[in-house]
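Encoded as structure tokens, the structure appears first; notes follow it.
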Amino acid sequence: MVPTSAVSTARAPGPTLLSEGARVPLADGRVVRYVNLDYAAGAPCSVAAADAVNELLPWYASVHRGSGAGSRRCTPAYERSRRTVAAFVGARPDDHLIFTRNTTDALTLLARALPAETTVVTWASEHHANLLPWGRVLRLPVPDSPTAAVRALAAALAGIDGPALVAVTGASNVTGEVWPVPELTEVAHRHGARIALDAAQLAAHRPVSLIESDVDYLALSGHKLYAPYGVGVLAGRADWLDAAEPYLSGGGATEYVGDGPGQVRWHTGPGRHEAGTPNLLGAVALAAACGAIAAADRPALEEHERALLDRLRAGLSGLDGVAELRTFAPECDRVGIVSFAVAGVPAGDVSDHLATQHGIAVRDGWLCAHPLARRLLDEAGRRIGRRLRGGAVRASLGLGSTREDVDRLLLGVRELAGSTRA
């Protein structure tokens, strides 16, 4: 039974999105309000981000070079954006904040900056961005609870000699489940290891802070934070980053270049890994989006999202042949992401039905977390006694999501579930 009074039909108070009010045609010719439930893949652009970019565009110039009016505006704007984003992620005064292309780029940069012989400990439940970049890696099995994850990490680190880095998601992009980052951080530091947090999904839903969490590195993407301008961030401790070879070789990363091969002295600091003309507009957009989110009533946004999430999960659980994917127990903390499958209906067909018949955007497939999605799909099928094939369907909530959005999704899934009954 879906609760009827859990949440208002109105959107939660918070930053406005450019996509609000958009309408899309259905297969039968009707035009309806667009329902975006694909925030986990890429959130719509916030008005704040677009306005910041549009204001700067007439003055666009490359940063850190030149004395013209454009450069005099753009260089301060770029470095001001760095400070704003650093404040948003609670960076320590001596941390570096490096602008990258996205989370994948940020974690790959960190992988290349690790000291020699560093062992990376991660889990088979990670998104590909935190599963694939690492060289010397110990991949732990998918845990069945947050407590099991902490125990497994402690056992793994006890057997490692030399430098170690723990790499873990803050919230799963498949299930939305929140990982026990404080406990994992304590275990990592107790064993002399560092920890890197993939905050790509978490940061859009919950406050993140390097200072408060004591994690060593944090990565995120602008396109998950309502700033889809091709920017990401790696923030964290300076020593490994300053000692590493530059991520890119080129102008901006160099302090001095001699006449012969190899006669290069590289900068320290963020510029060491930001060679070439940086993504000024992406940085400015991300800073504006972060500022707008930070200024919002985040407890109210979380409460609104939690009510929508509860409604969505309760509605799906009441449908025959529909199974939610999860790693931990059903009551474990999670952000507004739900993946599920409909017995007898491939995920792509579910997604297509929702789009063409109801004007709803979701994600389908293996969600760039192939090992985890395959495992959870098998487990979910066993729970309901049905075979689930063809990937998962993911519905994800964000700014602008309403009870009406959730109810429209449930209606569309109910139609498919009903059509598969024997």
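When the inverse distances between all different Cα atoms of the stretch 48-295 are averaged and flipped, the Kirkwood radius reads 18.7 angstrom.
Computed from Cα positions, the angle between helix 370-384 and the longest principal axis of the chain comes to roughly 20 degrees.
Start at zero, step by 5 Å, and the Cα-Cα distances of the stretch 1-128 spread as 2, 7, 9, 12, 15, 14, 12, 11, 9, 5, 3, 1, 0 percent across the bins.
Between 0 and 90 degrees, the angle of helix 280-295 with respect to the longest Cα principal axis of the chain falls at about 60 degrees.
Where does the longest stretch of the chain lie that holds no GluC sites (Glu not before Pro) found in a DSSP loop with 15 or fewer other Cβ atoms within 10 Å?
Details: sites that count: Glu20, Glu117, Glu331.
The answer is 118-330.
Remark: the Cα gyration tensor places the stretch 41-98 in the oblate category, a/c being 1.5 or greater and a/b not exceeding b/c. Shape class for the stretch 94-186: oblate, because the ratio a/c of the largest to smallest gyration tensor axis (alpha-carbon atoms, square roots of eigenvalues) is 1.5 or more and b/c is at least a/b. Multiplying the residue separation of Arg265 and Ser19 by 0.36 nm and subtracting their alpha-carbon distance yields 83.9 nm. Once Rg and Dmax of the Cα atoms in Å is calculated for the structure shown, the corresponding label among (1) 29.2, 119; (2) 26.3, 98; (3) 22.4, 77 turns out to be (3).
Packing order of peptides 265-272, 362-369, 285-292, highest average first: 285-292, 362-369, 265-272 (average count of other Cβ atoms within 10 Å over each peptide's residues). Choose one answer from Arg386, Arg82, Arg334: the residue with the largest mean-square fluctuation in a GNM of the chain with alpha-carbon springs under 10 Å. So, out of Arg386, Arg82, Arg334, the one fluctuating most is Arg386. Distance from the C-alpha centroid of the stretch 139-189 to that of the stretch 235-288: 31 Å, rounded to the whole angstrom.
Each Lys and Arg contributes +1 and each Asp and Glu -1, all at the Cβ; summed about the Cα centre of the stretch 48-295, the dipole is approximately 440 debye.
Helix 181-190 and the longest principal axis of the Cα set of the chain meet at an angle near 40°.
If you wrap a convex hull around the alpha carbons of the stretch 80-148, what volume per residue comes out, as a whole number of Å³? Kindly include the intermediate steps, with their values, before the conclusion.
On the way: hull volume 8.9 nm³, N = 69.
Given the Cα convex hull of the stretch 80-148, per-residue volume reads 129 Å³.
Taken together, the values in this text are just the output of simple stated rules run on the coordinates, not laboratory data. None of the values given here were measured: they were computed from a predicted structure. Virtual Cβ from ideal backbone geometry, glycine too; neighbours counted across all protein chains shown.
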